[in-house]
Number of protein chains: 2
Amino acid sequence: MFFHFKDRFPKLNAYWDRYLPFQKRMEVPAKTVLLQEGKISQHYIFIEKGCVRTFFNNNGDDKTVQFFFENEGLSSFDSFVNNVPSSFTIETIEPSVIYLLPRQYVSQLMDELSHEPDFAQMILQMTARRQMHYINEFVSIIRDTPEQRYQLLLNERPHIIQRVPQHYIASYLGVSKVHLSRIKSKLAKGKSHF
Amino acid sequence: MFFHFKDRFPKLNAYWDRYLPFQKRMEVPAKTVLLQEGKISQHYIFIEKGCVRTFFNNNGDDKTVQFFFENEGLSSFDSFVNNVPSSFTIETIEPSVIYLLPRQYVSQLMDELSHEPDFAQMILQMTARRQMHYINEFVSIIRDTPEQRYQLLLNERPHIIQRVPQHYIASYLGVSKVHLSRIKSKLAKGKSHF
DNA sequence: CCGGGACGATAACATATGTTATCAAGTTCA
DNA sequence: TGAACTTGATAACATATGTTATCGTCCCGG
């Protein structure tokens, strides 16, 4: 769905910074659609402040796929790279400050990068990381119960639970919002009397 | 977890073929472990005949992650690229004919490839495809019921159902083998009287 | 040719999860 | 400020799914 090389490969920061002038800064309120499901992605999105989710519509209700926060970048990767309609909507959750870099500059940037001596190695590593992320999402959902998945979120990515409305989290976990509420109250009970 | 550029980008076949001599051919029975969970992946695996699954152990029982068939290639991608212990076991399901290409040659191959003019574009496309595959797995499991997922398999990847033992499919779908059996019999009833 | 193991179906019961409806509190905005 | 909307909790009921146990078939190796 996206890559973000900034900070991951410091030697690439110089390249990245060269493209800063082409990025368009925007301050937007919550629930702003940055890319509509069905449209073709034209920008790489970088989040300076705020948070964002990707989701798709399924018979009227959303299914959230992923959350993004400060200093993360994303695009609807398949749409962006292969010029096909996006399967996902990208929408802000909080009022946010974001930067948009048009696709043409990203292509240009990639071409420049490909002359770096160990470009192949870097891109493989980035790719491997991204793949592991999504494979882990899949693994977690066939391995863990929704309750365990919620606990994992609580332990490993607490910022999500703190900043994201509960029904988005529910659809991301693959359960109904009612059931997520049950899970929370069950965990609360387990903790309270000790 | 894997890439396979052969057939996807025909212009690369020449590169690939140059490395054929370094591949080791093996004929192995069913249930042969090609890579053990916890070991570091040393080979890229290509399947000439037979089929293979990747899985991990979870409290005694396996969880299957993916199936591979003739003319597909795989590795435990993260392990292979980043030289870390593999999270998965790779094991044959049927008696199979496979080729192993040691990692050093794969690195070499990638380096050669990186001189191709639109290497960046190709690798992005490959990456996007792989990402979409895993994202779709995730999306399907938060969107669809196990019954729907079984139907999808039946319609879109029937070879899996024909060739793979049912309990592997069950763990891949994220349900118990008992429940998969129930799903099958329910679907059979729906079909029989018409 | 026999015996064990792999595979799959089914039943019975316990638990998890979905659905619908209702209520309460907080937020937003005219 | 008041109405509408968003968010979240809870109850009650229906359904889906897990667990354990049993049985039958098939297949492979001694």
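The values are calculated or read from the model by the stated rules, or taken from the named source; none is laboratory data. Values in this document were obtained by computation on a predicted structure and should not be read as measured data. Ideal geometry is used to build each Cβ from the backbone, glycine not excepted, and the neighbour counts take in all protein chains shown. We work out accessible area using only protein heavy atoms, side chains counted, and drop any ligands, DNA or RNA first. Shrake-Rupley method; radii C 1.70, N 1.55, O 1.52, S 1.80 Å.
Structure summary
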read-out: Nonlocal amide H pairs with B:Ile40, under 5 Å, H built at 1.01 Å; value: B:Ser86
read-out: Cβ-vector label at 7 Å, A:Asp17, separations to other copies in nm; value: 4.7
read-out: Interface residues in region B:70-99 - accessible area drops by 30 Å² or more relative to the isolated chain, probe 1.4 Å; value: B:Phe77, B:Asp78, B:Val81, B:Asn82, B:Phe88
read-out: Student exercise, the protein assembly as shown dipole from Lys, Arg, Asp, Glu Cβ charges, in Debye to nearest 20; value: 1420
read-out: Where region B:1-103 is the region considered: accessible area per residue in Å², 1.4 Å probe; value: 43
read-out: Charge tally in the Cβ shell below 14 Å around B:Phe22, where Lys, Arg are +1 and Asp, Glu are -1, B:Phe22 excluded; value: +2
read-out: Cα pair distances in region A:1-115, grouped into 5 Å bins until the bin that holds the longest one, percent each; value: 2, 12, 22, 25, 20, 12, 5, 2, 1, 0
read-out: Descending Cα extents along the principal axes, the protein assembly as shown, whole Å; value: 60, 57, 53
read-out: Area of B:Phe68 that stays accessible when all protein chains are in place (1.4 Å probe, Å², to 10); value: 10
read-out: Inter-copy spacing of B:Val97 label points, which lie 7 Å from Cα along Cα→Cβ, given in nm from shortest upward; value: 6.3
read-out: At 1.567 mPa s and 4 °C, Stokes diffusion of chain A via Kirkwood alpha-carbon radius, µm² per second; value: 71
read-out: Surface accessible to a 1.4 Å probe, A:Glu91 within the full protein complex, Å²; value: 20
read-out: In order through region A:14-25: 3J(HN,Hα) via Karplus (6.51 cos²θ - 1.76 cosθ + 1.60), integer Hz, x for Gly, Pro; value: 4, 4, 4, 4, 4, 9, 3, x, 8, 8, 9, 7
read-out: In order through region A:67-83: 3J(HN,Hα) via Karplus (6.51 cos²θ - 1.76 cosθ + 1.60), integer Hz, x for Gly, Pro; value: 10, 9, 10, 3, 6, 10, x, 7, 8, 7, 3, 4, 4, 5, 7, 9, 6
read-out: Cα centroid separation - region B:45-84 against region B:142-176, whole Å; value: 17
read-out: 10 Å binning of all Cα-Cα separations within region B:118-157, expressed as whole percents from 0 upward; value: 28, 38, 21, 12, 1
read-out: A:Arg182-A:Glu72 FRET efficiency (beta carbon distance; Förster radius 35 Å; 0.05 resolution); value: 0.70
read-out: Label geometry 7 Å along the beta-carbon vector: A:Lys31 inter-copy distances in nm; value: 5.7
read-out: Net +/- balance of residues flanking B:His167 in space, Cβ distance below 15 Å, scoring K and R +1, D and E -1; value: +4
read-out: Where rotation carries A onto B, the chain A residue whose Cβ is nearest that axis, in whole Å; value: A:Tyr134, 2
